[in-house]
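Novice: The structure's right below; bear with me while I get my questions together.
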Amino acid sequence: MSIFSKVLILFLISFSLMIFVSNETNKLTQRTMESFLKEKYIQVSQELFTYLSNNDKNALEKKLKELKFKKIEDKQHYFKSSKVVHRYETELSTINILKHEDDKYLLYMKYLDDDILVIDISQDDNFTKKELLHYMILADITILIIMFLIILKIIYPLRGISKSIKNFGDGDYSLRIENSSKDEIGKVSNTFNSMAANIEELITSREILLRDIGHELKTPILKSKLAAEMIEDSKYKSILKRALSQIDEMTSELLYLEKLNANQYKLDVQKFSCETLIAESLSKLFIEDETLIDVKVESNFYINADLNYLSIALKNLIDNALKYSTKKPVYIVAQEGEILVKSSGKELDKSLEFYCEAFTQGDNSRNQAGYGLGLSLVKRILQKHSFKLLYYYKNGFNVFVLHIN
């Protein structure tokens, strides 16, 4: 989950809780005020009713002023826009507590033909406090929204930085982050740009060096091969030709490996059968004695991959098997989702990861042809395809498995 999603979820939770608390607080305040005013009006009505029943208007007016109550003359207007929340009636008298549409409470009393409608003017203070509470809650919600927007503004550049780093990791070494802020994110952007410039310079220098080395080596190797063909046949000629071929192949594979490591090669993905892959791999080996290889296709499954690179990987597995096998033939078995390369011999001394490091060979390879790039290139090609290289030892055979996802 991204930081933006986490912040958004936290904001929504906080906002929802704020609205819920505001609503519940408003309800609680309303119920408390209503209960308080009802009790107050009931008590006051008992005192005022005495003066009303005695028709003592002066004493009634004095008591209303003392209690901070105000007499309302336009009764009908308030009756139309109010509802009764408490009623007490006898044969001679009526006492009602009314709630007006503006949420203010009124007291109506009637005795025989005399009636009076009054309102507690002190309740205005309570409504003022209630409105102040509403404004404070609204201010809290506003501050929460402003904080959320500020946080979004702060973390928004992180999305661009993350995307830029991913593209840089995919091989776009010329990419730079544009950020003019002076905060920590701006410092991170500047640090990344400085690092990216150094890495781009190093990679460019290495590419130029490898290209120059490859070009400079290919020419003398080709000349040496031509010269070797002119030498009379002897065991020294065979040794020389094999050494030149190994140097030529090592140079090519070194360049392949560096291209993959530097993410400078885009895979040409296409669909082909495992039979096609095996045939392409064997064609790269130039095997004169076909009895050295035993191919068995149990399942001719299809693969989506770069045929050239994947055939190089399988070719290296077969080549290693031919070099280090103590007994021929080498078996190539294709079964659903996997291609197995089996060769007889002793079990590997160390883990597969050890042999997948460049220029690494086991102790039993000292007297064998090899240059330690084979499995390293295989591993890198399979990683590029998200495939796997597996190994196990069974019944005297070393089995390398090219596992296709």
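Read-outs: derived from the displayed coordinates by stated rules, not from any lab. Note that the coordinates shown come from a computational prediction; the quantities given were computed from them, not determined experimentally. Every residue, glycine as well, gets a Cβ built from its backbone with ideal geometry; the counts of neighbours run over all protein chains shown.
Novice: Read phi for every residue in the stretch 291-296 and hand back ³J(HN,Hα) as whole Hz from Karplus 6.51 cos²θ - 1.76 cosθ + 1.60, θ = phi - 60°, with x for Gly and Pro.
Specialist: For the stretch 291-296, the Karplus curve yields 6, 6, 10, 10, 9, 9 Hz.
Novice: No solvent, one uniform scatterer per C-alpha: report log10 I(q)/I(0) for the chain via the Debye equation at q = 0.13 1/Å, two decimals.
Specialist: -1.11
Novice: Let me ask another. Please tell me the relative contact order of the stretch 3-127 in percent, rounded to the nearest whole number, where contacts are Cα pairs under 8 Å and at least six residues apart.
Specialist: Averaging sequence separation for qualifying contacts and normalising by length gives 20 percent for the stretch 3-127.
Novice: With charges only on Cβ, +1 for K and R and -1 for D and E, what is the dipole size of the stretch 3-127 about its Cα centre, in debye, rounded to 20?
Specialist: Values: 19 positive and 20 negative charges, 83 e Å.
That gives the stretch 3-127 a dipole magnitude of about 400 debye.
Novice: Follow-up. Compute the helix-to-body angle for 57-67: its Cα long axis versus the longest principal axis of the chain, expressed 0 to 90° and rounded to tens.
Specialist: Between helix and principal axis, roughly 30 degrees.
Novice: I've got another one for you. Along the charge dipole of the chain, Cβ charges K/R +1 and D/E -1, which of Gly345, Gly169, His86 sits furthest on the positive end?
Specialist: Of the listed residues, the answer is Gly345.
Novice: For Val330, which sequence-distant residues (separation of 5 or more, or a different chain) have an amide H within less than 5 Å of its own amide H, given hydrogens modelled in the peptide plane?
Specialist: Sorted by chain and number, the residues that satisfy this are Ile293, Asp294.
Novice: For each pair in Lys266/Lys350; Lys284/Lys327; Lys315/Lys394; Lys237/Lys379, compute the distance between the two Cα atoms and list the pairs where it is over 31 Å. Could the numbers behind the result be given before it?
Specialist: Values: Lys266/Lys350 33 Å; Lys284/Lys327 22 Å; Lys315/Lys394 22 Å; Lys237/Lys379 34 Å.
Beyond 31 Å between Cα atoms: Lys266/Lys350; Lys237/Lys379.
Novice: Which ³J(HN,Hα) values in Hz, rounded to whole numbers, follow from the phi angles of the stretch 347-357 under the Karplus curve 6.51 cos²θ - 1.76 cosθ + 1.60, where θ = phi - 60° and Gly and Pro get x?
Specialist: Result, rounded to whole Hz: 5, 4, 6, 10, 5, 4, 4, 4, 6, 8, 7.
Novice: For the stretch 184-257, what size does the Cα cloud have along each of its three principal axes, sorted from largest down, in whole Å?
Specialist: 72, 16, 12 Å, listed from the longest principal axis down.
Novice: Please list, ordered by chain and number, the residues whose modelled amide H lies under 5 Å from the amide H of Phe301; skip anything fewer than 5 residues away on the same chain.
Specialist: Result for Phe301 returns Cys274, Gly337.
Novice: A follow-up question, please. Positive end of the dipole of the stretch 3-127, charges at C-beta (+1 Lys, Arg; -1 Asp, Glu), about the Cα centre: which of Leu112, Phe15, Asn54 has its Cα farthest in that direction?
Specialist: Farthest towards the positive end: Phe15.
Novice: If you don't mind, there's one more thing I want to ask. Under 22 Å from the Cα of Lys57, which lysines turn up, not counting those fewer than eight places away in the same chain?
Specialist: In chain and number order, the partners are Lys40, Lys65, Lys68, Lys70, Lys71, Lys75, Lys110.
Novice: In which sequence would Ile121, Ile404, Ile13 go, from the one with the fewest C-beta neighbours within 10 Å to the one with the most?
Specialist: Working: Ile121 13, Ile404 21, Ile13 10.
By the 10 Å Cβ count, ascending: Ile13, Ile121, Ile404.
Novice: Could you work out [θ]222 nm for the chain from helices alone, using -39500 (n - 2.57) per DSSP H run of at least four and dividing by all its residues? Round to the nearest 500 deg cm²/dmol. Please report the intermediate quantities before stating the final value.
Specialist: On the way: 10 runs with 232 residues, N = 405.
Rounded to the nearest 500, it is -20000 deg cm²/dmol.
Novice: Any idea what the dipole of the chain comes to, in debye rounded to 20, about its Cα centre with Lys/Arg Cβ at +1 and Asp/Glu Cβ at -1? Let's see the in-between values first.
Specialist: Working: 55 positive and 56 negative charges, 90 e Å.
For the chain, the charge dipole is close to 440 debye.
Novice: How compact and how long is the stretch 267-403, expressed as Rg and Dmax of its alpha-carbon atoms in Å?
Specialist: Looking at the stretch 267-403, its Cα Rg and Dmax stand at 14.0, 40 Å.
Novice: May I ask you to derive the relative contact order of the chain, considering only C-alpha pairs under 8 Å and at least 6 residues apart, and to give it as an integer percent? All intermediate terms of the calculation are to be shown ahead of the outcome.
Specialist: Values: 460 pairs, mean separation 35.4, N = 405.
Averaging sequence separation for qualifying contacts and normalising by length gives 9 percent for the chain.
Novice: To make sure I understand, if each residue's beta carbon is the centre and we count other beta carbons within 10 Å, what order do Thr276, Thr219, Thr50 fall in, fewest to most? Show your work: numbers first, answer last.
Specialist: Values: Thr276 16, Thr219 9, Thr50 12.
Ascending number of Cβ neighbours within 10 Å: Thr219, Thr50, Thr276.
Novice: Could you name the aspartates and glutamates whose alpha carbon sits less than 14 Å from that of Lys241, not counting residues in the same chain fewer than 8 places away?
Specialist: Of all the aspartates and glutamates, those that pass the test against Lys241 - Cα under 14 Å, at least 8 places apart if same chain - are Glu229, Glu232, Asp233, Glu249.
Novice: Turning to a different aspect of this structure: Given a cut-off of under 8 Å on Cα pairs at least six residues apart, what relative contact order in percent is computed for the stretch 267-403? If you can, show how the numbers build up before the last one.
Specialist: Values: 248 pairs, mean separation 32.4, N = 137.
Answer for the stretch 267-403 is 24 percent.
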